[in-house]
Amino acid sequence: MDLMELLKTRRSFRRFDQSRPVPDSVIQKIARAQQYASCSGNSQSLRYIMVSDPALVEEIFALTRWAAKLPPEDGQPKPGEHPTLFAVVMIDKAAQNDWTPMDAGIAMNNMTLAAWEEGVGSCILGNVARVPLAKLLDIPEQMHVYTVVAFGYPTHRSTLREVEPSEDLTYYLDENRDYVVPRKKIEEVIQFR
Ligand SMILES: Cc1cc2nc3c(=O)[nH]c(=O)nc-3n(C[C@H](O)[C@H](O)[C@H](O)COP(=O)(O)O)c2cc1C
């Protein structure tokens, strides 16, 4: 896929084909993509746990909340629609600096784009129960659980729709239960001088 098409179509996905695991080759590509990400002072203070074991994926899934803007019956993936892979993104407190959250954003962007190039959709999840997750995965106190990223083969579409300044920015499901994500026009957010 052409880069701009990849950027445009790599959206947040919230329903997946749970019977179709992400192949090891794609897991390795996602792992490699984080390594290619720029980071402040080359500090490399992020750590990850990639979880593809189905039972453990389900335990992590139970600690996540999806699509806060939608009623749970619309936004929360149902049985059979769950992701098949999670990347737990952690910050090593001993190595972090003021820019580490940005480093995480850049790394997650690399990872989700690399996955999408292989047809694997994703959703970055900030809404995760961090304390139970740390306990579940035996994550040491020195690591801050920052986000998790869910991956899987999507079973819905998601498209951007350019909106006027007065319009609502809340994403929604259309008549096919596909996501529509309102986006401000370039003229509203960028001045060219
Ligand atoms: C830092 C961050 C945290 C997010 N946390 C959640 C979350 O907890 N649950 C969820 O369903 N989506 C979450 N999202 C996805 C956003 O809702 C989504 O990016 C936004 O609605 C725009 O849709 P798009 O990614 O398709 O452009 C998060 C995205 C980011 C970047």
A careful count of residues in the stretch 79-92 that are out of contact with any Leu (no Cβ under 7 Å at 6 or more places or on another chain) and within 14 Å of the ligand (Cβ to nearest atom) gives 5
Could you list all residues from the stretch 109-123 that are in contact with a Ser or Thr (Cβ under 8 Å, 6 or more places away or on another chain) and more than 16 Å from Val22 (Cβ to Cβ)?
none
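Yes or no, residue by residue, for (1) in contact with a strand residue (DSSP E or B) (Cβ under 6 Å, 6 or more places away or on another chain); (2) aliphatic (A, V, I, L, M); (3) outside the structural domain of Ala107 (by TED's automatic domain parsing); (4) assigned to a loop (DSSP other than H, G, I, E, B):
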site: Leu7; (1), (2), (3), (4): no, yes, no, no
site: Gln18; (1), (2), (3), (4): no, no, no, yes
site: Val22; (1), (2), (3), (4): yes, yes, no, yes
site: Gln28; (1), (2), (3), (4): no, no, no, no
site: Ala33; (1), (2), (3), (4): no, yes, no, no
site: Ala37; (1), (2), (3), (4): no, yes, no, yes
site: Gln44; (1), (2), (3), (4): no, no, no, yes
site: Ile49; (1), (2), (3), (4): yes, yes, no, no
site: Ile60; (1), (2), (3), (4): yes, yes, no, no
Pairs returned, first residue in the stretch 7-35 that is hydrophobic (A, V, I, L, M, F, W, C), second residue that is at pLDDT 95 or above and open to solvent by 50 Å² or more (accessible area, probe 1.4 Å), beta-carbon separation under 8 angstrom, 6 or more apart or interchain, are Phe16/Thr155; Val22/Ser52; Val26/Glu118; Ile27/Met50; Ile27/Ser52; Ile30/Met50; Ala31/Tyr48; Ala31/Met50
Filter result for Gly80 (surrounded by fewer than 16 Cβ atoms within 10 Å (Cβ to Cβ) and either without any contact (Cβ under 8 Å) to a residue 60 or more places away in the chain or touching a His at 6+ places or on another chain (Cβ under 7 Å) (or both))
no
Give me the pairs, please: first residue somewhere in the stretch 161-181 and hydrophobic (A, V, I, L, M, F, W, C), second residue anywhere and assigned to a loop (DSSP other than H, G, I, E, B) and surrounded by fewer than 15 Cβ atoms within 10 Å (Cβ to Cβ), beta-carbon distance under 8 Å, and either six or more positions apart or on two chains.
Val163/Leu169; Val163/Lys185; Val180/Asp174
Residue count for the stretch 95-127, restricted to those that are at positive phi and surrounded by 23 or more Cβ atoms within 10 Å (Cβ to Cβ):
0
Take the stretch 119-149 and flag every residue that is under 21 Å from Asn97 (Cβ atoms) and charged (D, E, K, R).
Arg130, Glu141
Is it true that some residue in the stretch 93-116 is assigned to a loop (DSSP other than H, G, I, E, B) and either among the basic types (Lys, Arg) or within 16 Å of the ligand (Cβ to nearest atom) (or both)?
yes
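The values are calculated or read from the model by the stated rules, or taken from the named source; none is laboratory data. All of these numbers come straight from a predicted model, not from anything done at the bench. No Cβ is skipped: glycine too gets one built from the backbone with ideal geometry, and neighbour counts run over all protein chains shown. These accessible areas exclude ligands, DNA and RNA; they are computed on the full protein's heavy atoms, side chains included. Shrake-Rupley method; radii C 1.70, N 1.55, O 1.52, S 1.80 Å.
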